[in-house]
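> Okay, handing you the structure first.
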Amino acid sequence: MGGGFGSRFDLDRPETHRRFEIVDALRPIADKAGVSLPHMSVAFTLAHPAVTSAIVGPRTMEQLEDLLAGADVRLDGDVLDAIDEVVPPGTLIDEADRGWDPPWMEASARRR
C-alpha cells in the first residue's frame, strides 16, 4: 500500500500486527465481561471521565443499532483494569495515530 490513511492498515507494518495482537488480547476480557468486543469498546470510551460522547463509524443500520446498544454497557473496575493492562493509558501503538497539529497553533503563527 502507498502512503495516506490506508497505509496505516498495511499488513506488512509491525504496527498493524501489534493492533491485531491487542485485539486478540482484548477478546477474552470482553468474553469474561459477557459483552461483545464492539460493546466493550464503546463502553470503555464512555467510561473515561473526560468523554461526553463516542463517535462510531457504522457502515450499515444493523451495525449502528448494535453499537448504540453498547452505549448502555457499563464496565466495572476489574474490566477497566484488565484493559489497561493490555494497553496502558497513554500508549501510542502507531506514531501515525498521534494526530494532526494544526499549523495555526505553531508558535510562528500565534499572535504572541
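> Considering only the range 4-34, how many residues are modelled with pLDDT of 95 or more and outside any helix (DSSP H, G or I)?
So the count comes out to 1.
> Looking only at the range 52-67, count every residue that is surrounded by fewer than 11 Cβ atoms within 10 Å (Cβ to Cβ) and among the hydrophobic types (A, V, I, L, M, F, W, C) and tell me the total.
The number of residues fulfilling the criteria is 2.
> Moving on to the next point. Report yes if residue 43 is of a type in the set (A, V, I, L, M), touching a Lys or Arg at 6+ places or on another chain (Cβ under 8 Å), assigned to a helix (DSSP H, G or I) and closer than 26 Å to residue 7 by Cβ, otherwise no.
no
> Of all residues in the range 69-83, which are assigned to a helix (DSSP H, G or I) and surrounded by 14 or more Cβ atoms within 10 Å (Cβ to Cβ)?
Of everything in the range 69-83, those that are assigned to a helix (DSSP H, G or I) and surrounded by 14 or more Cβ atoms within 10 Å (Cβ to Cβ) turn out to be 69, 70, 79, 80, 82, 83.
> For residue 36, are the conditions met, namely being over 17 Å from the mean Cα position of the chain (by Cα), over 24 Å from residue 13 (Cβ atoms) and hydroxyl-bearing (Ser, Thr, Tyr)?
no
> Can you find a residue in the range 93-102 that is surrounded by 11 or more Cβ atoms within 10 Å (Cβ to Cβ), assigned to a helix (DSSP H, G or I), charged (D, E, K, R) and touching a residue at least 40 places away in the same chain (Cβ under 8 Å)?
No.
The values are calculated or read from the model by the stated rules, or taken from the named source; none is laboratory data. In this text, all values refer to a predicted model and were calculated from it rather than measured experimentally. Positions of Cβ are backbone-derived with ideal geometry, glycine not excepted, and every protein chain shown enters the neighbour counts.
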